[in-house]
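Notes follow once the structure below has been shown.
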Amino acid sequence: MRRDGTSTYQSVIPMSLVVGTRLGSLEITALLGKGGMGEVYRARDLKLKRDVAIKILPDEFSRDPERVSRFQREAEVLAALNHQNIAAIYDVQQCGAIRFLILEFVEGDSLADILRKRGALPLDEALNIAKQTCDALEAAHEKGIVHRDLKPANIRIVADGKVKVLDFGLAKAIEHAPTGTTTLSDSSTLVSMAATSTGLILGTAAYMAPEQTKGKTVDRRADIWAFGVVLYEMLTGRMLFSGETASETMFAVMMKEPDWSTLPANVPARVRELLRRCLSKEPRNRVQAIGEGASRLKRRRAGRNSMAIAQRGRRTADRRFGLGSRQFRS
Ligand SMILES: Nc1ncnc2c1ncn2[C@@H]1O[C@H](COP(=O)(O)OP(=O)(O)O)[C@@H](O)[C@H]1O
Ligand SMILES: [Mg+2]
């Protein structure tokens with residue numbers, strides 16, 4: 001089982017770009033890594049004089065006009081996301097046979113790197129990261145966008161502890177990716193074997209919600225689940241669900257109840273309660289809106305006097321986002 005964020009994915013892209021390659025006004029400066037979708041490079045935008053990250057879309061994908069146009073539509077929705085805790089999508093471009101996404105380059109360590117190096121995080125630090133992650137999810141959910149692949153490898157911590165969530169909605173946008181040579185692992189974005197009539201689903205085994213592993217329609221409550229898994233991991237330094245193979249991990253996701261006794265003693269009751277409610281196997285028993293999570297995390301920082309105000313705010317949020325009061329976009 002790997003938690004290092006590295007991928008065991010064997011790329012279906014025959015070529016690798018070398019440093020110095022030009023793609024229009026972009027010059028490749030480094031390979032950042034290889035994820036479930038393909039290679040990610042750091043590049044210099046020579047026109048705008050800024051660094052960007054570029055994500056190469058799978059070759060097979062680029063050759064299917066229907067998927068390209070669907071992706072284009074999704075990318076337009078994602079590009080409308082504008083939030084300080086969300087890494088921006090700048091553009092989708094094509095250069096020769098290569099189609100790629102241009103993304104905000106996010107410096108810093110991923111939460112996966114941090115957890116690997118340091119293990120469990122101190123309570124305040126974990127809650128601070130959790131709070132900012134909630135803010136990012138809330139902003140996206142308000143626009144009807146579900147992340148669908150939230151995991152420590154997609155959360156980066158930049159200067160001064162600021163959080164940037166990467167890859168928002170890309171799993172859906174790229175869906176029906178080629179399966180040919182994909183090797184499954186717990187921590188890499190994968191093409192799930194839980195294929196359904198609607199096609200294959202993308203996600204990362206250890207952080208997928210139970211309904212996602214079953215190939216069911218996914219809504220924002222899948223992100224709320226993944227948020228719970230990530231928060232648990234920050235507090236304990238342990239992955240909540242794992243297995244020798246992705247299928248074993250997905251089985252654990254569906255069947256295993258978290259061991260709450262592993263949470264450090266200083267985790268406040270309301271954070272435990274939040275975790276329990278994020279990690280309910282049944283989506284309708286989960287926290288229904290991530291804003292509720294944010295207000296629970298916030299209340300820790302507020303003084304006793306502000307508790308009543310925060311509680312009132314939460315009740316308002318509960319009413320606003322009550323179950324059944326909204327249609328979820330999958
Ligand atoms: N916008 C970005 N800025 C900086 N690094 C990035 C960016 N997007 C992806 N990366 C890095 O590139 C590598 C591959 O990313 P990705 O394909 O998203 O795989 P995964 O999310 O499964 O780790 C990872 O190390 C990731 O941290
Ligand atoms: Mg990623």
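In table form, for the structure just shown:
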item	result
Residue 19 vs. criteria at pLDDT 90 or above, part of a loop (DSSP other than H, G, I, E, B) and assigned by TED's automatic domain parsing to the domain that holds residue 98	yes
Test: residue in the range 57-70 that is at pLDDT 80 or above and either touching a strand residue (DSSP E or B) at 6+ places or on another chain (Cβ under 8 Å) or closer than 28 Å to residue 118 by Cα (or both)	yes
Members of the range 232-259 found to be free of Cβ contacts under 8 Å to residues at least 60 places away in the same chain and part of a helix (DSSP H, G or I), listed by number	232, 248, 250, 251, 252, 253, 254, 255
Residues of the range 92-104 that turn out to be out of contact with any helix residue (DSSP H, G or I) (no Cβ under 8 Å at 6 or more places or on another chain) and surrounded by fewer than 18 Cβ atoms within 10 Å (Cβ to Cβ), as a count	4
Candidate set: the range 60-73, residues that are in contact (Cβ under 8 Å) with a residue 60 or more places away in the chain and crowded, with 18+ Cβ neighbours inside 10 Å; chosen: the one farthest from residue 154 (Cα to Cα)	67
Hits in the range 155-173 - residues which are within 12 Å of ligand 2 (Cβ to nearest atom) and hydrophobic (A, V, I, L, M, F, W, C)	155, 165, 166, 168, 170, 171
Residue that is of a type in the set (A, V, I, L, M) and either within 19 Å of residue 158 (Cβ to Cβ) or in the same structural domain as residue 154 (by TED's automatic domain parsing) (or both), where the choices are 98, 114, 56	114
Flag if residue 167 is crowded, with 21+ Cβ neighbours inside 10 Å, within 15 Å of ligand 1 (Cβ to nearest atom), modelled with pLDDT of 90 or more and not in a helix (DSSP H, G or I)	yes
Some residue of the range 147-155 being more than 12 Å from ligand 1 (Cβ to nearest atom), at pLDDT 95 or above and either assigned to a helix (DSSP H, G or I) or outside the structural domain of residue 92 (by TED's automatic domain parsing) (or both)	no
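The values are calculated or read from the model by the stated rules, or taken from the named source; none is laboratory data. Bear in mind the structure is a predicted one, so any value in this text is a computation, not a measurement. When we count neighbours, we look across all protein chains shown, and the Cβ atoms used for this are built from the backbone with ideal geometry, even at glycine.
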